[in-house]
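Only one structure is covered here, and it is reproduced in the block below.
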Amino acid sequence: MLPENFVKITNALQSPHLLLTNKGIIVSFNSRAKYIFPLLKVTSSMIHISELLNESPDKIERLLKMWSRTQTPLPSSLVFHEQNESSSTYRCNGSAIRSSANNHQPLIMLQCNNKEQSTAIFATLNLKIEQLKHEIKERRYTEQQILLLNKNLEQSINERTAELQHKNQELNRFLAELKSAQDQIIRSERLASLGGMVAGVAHEINNPVGVCLTASSHLTQQVSFYQTLYDQDKLTRNDLEKFLETASKSSAIIESNLNRAASQIGRFKQLAVDQSNDEARIINVKKYLTELLLSLQPYFENTSHTWNIICDKALTIETYPGAIGQIITNLISNSMTHGLVDIDNGKIEIEIIQNKGLIQFHYKDNGIGIPLHDRPKVFDPFFTTKRNQGGSGLGMNIVYNLVTGKLGGNISIENKQSNGAYFVFTIPE
């Protein structure tokens, strides 16, 4: 990185940034560093980093060696000379920047944050919160007193109302500042969760890809088996019919789940604005769900779990079938991953009820259920009880977004059964 590029990049940042040689010579710095460290204002020549620090030469030399050997930021606390001959402690992260030119020694980028200023910001925020609590408490008390005043005290009420309006303005200002701080924290959390989103995509497409792999492996085994029969002239008409039936079912499962995987990938790409680009069409609800559950049969392999659909055979609706399929798939995945893991003879029941222009989907399992303290967070993004086991925490949030966004309905967790999970989502007919 050239010094002029370093200045362009770091001038917009609010913390001091320095660019050093591996010997400690300062070759460039941003405007914030120039403002804070007075020595940088009065010199036009390159100076050594030690002239800005109140640290021993041995410590400085040791840190320069460490920083020049790695491109991973290494933290250290350093005491800097500031304005008015004062000193402040900064938390500095140093790392090597490899030059694109050959035979060039690496440069060191040093990014610093003032510990005292950071502490002061949090202290100020806490003070404002306490002030806000005090003002709210005082306001409530004052409003109660106003209600008790006699009608003959109208002038006093008007004066007190004016005072309250002034306090309300101050409260609104404090709330605006707190809201701004909250937005900054949320933006930081979103950036920190970006890596988790990638893991979530892999988790969500793993199921249909796994089903395809299972079906493909099974088909490969069957091909090998019947090929052996054919080579030995033992292949009968009945064997051929069985093979064709197996090949047909396996191909249908592979095609269906590949389509689901493609749909899930497309849905993730536009998660913030739209759940999918699928078009609405008329479907027979029971037939569609039955086909969906059949395509998900690998979920139930090697288990004694069963599923059942209760629905009027004639019920048809115009809806987004891709969204409904994704919702049911995620709910079943949630049951298999969390609710029915250590359960024998697990049961999943999906009941569809038509009622006054609305379609209600009742999804139940007889698993371990959802703890009461976790229920308010079930639909939150990135909430999972199996973070260390590969859970991304996106499955139920996607369910919520599809129901409330794409389908224009609502979803809730019911408490009508003593065990197992019980979800009800309602969509317009």
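The values are calculated or read from the model by the stated rules, or taken from the named source; none is laboratory data. This structure is a prediction, so every number in the text was calculated from the model and none was measured. Quick reminder, even Gly has a Cβ in these numbers, built from the backbone with ideal geometry, and neighbours come from all protein chains shown. We work out accessible area using only protein heavy atoms, side chains counted, and drop any ligands, DNA or RNA first. Shrake-Rupley method; radii C 1.70, N 1.55, O 1.52, S 1.80 Å.
For the pair region 306-343 and region 35-70, the centres of their Cα atoms are 63 angstrom apart. Computed with a 1.4 Å probe over protein heavy atoms only, the accessible area of GLU279 comes to about 150 Å². Between HIS81 and LEU53, ASN54, the built amide H atoms are under 5 Å apart, and every one of these is 5 or more places off in sequence or on another chain. Computed with a 1.4 Å probe over protein heavy atoms only, the accessible area of TRP307 comes to about 70 Å².
Solvent-accessible area per residue in region 1-80 equals 55 Å², computed with a 1.4 angstrom probe and all protein chains kept. For region 309-386, what % of the accessible area comes from carbon and sulfur atoms, probe 1.4 Å? Exposed carbon and sulfur together represent 50 percent of the surface. Across the cross-link table entries LYS287/LYS406; LYS242/LYS347; LYS41/LYS115, which are compared at the Cα atoms, the separations over 25 Å belong to LYS242/LYS347.
Relative to the present Cα-Cα distance, how much length would full extension add between LYS23 and HIS373 at 0.36 nm per residue of separation?
120.4 nm
In this calculation the C-beta distance from ASN415 to LYS133 is compared with R0 = 25 Å, giving a FRET efficiency of 0.15. The Cα atoms of region 132-173 give a gyration tensor whose axes a ≥ b ≥ c have a/c of 1.5 or more with a/b no greater than b/c, which makes the shape oblate.
For LEU127, LEU394, LEU13, the ranking by accessible surface with the largest value first comes to LEU127, LEU13, LEU394, using a 1.4 Å probe. When the C-alpha to C-alpha distance is required to be over 26 Å, the pairs from LYS137/LYS377; LYS8/LYS128; LYS249/LYS313 that qualify are LYS137/LYS377; LYS8/LYS128.
In the complete set of protein chains, residue-level accessible area for LYS364 is approximately 50 Å², probe 1.4 angstrom. Subtracting the Cα-Cα distance of GLU255 and LEU315 from their residue separation scaled by 0.36 nm leaves 19.0 nm. For ILE359, the residues 5 or more places off, or on other chains, whose built amide H falls under 5 Å of its own are ILE427, GLU429.
The simple spin-label model puts a point 7 Å past each Cα toward its Cβ; for ASP380 and THR306 those points are separated by 3.8 nm.
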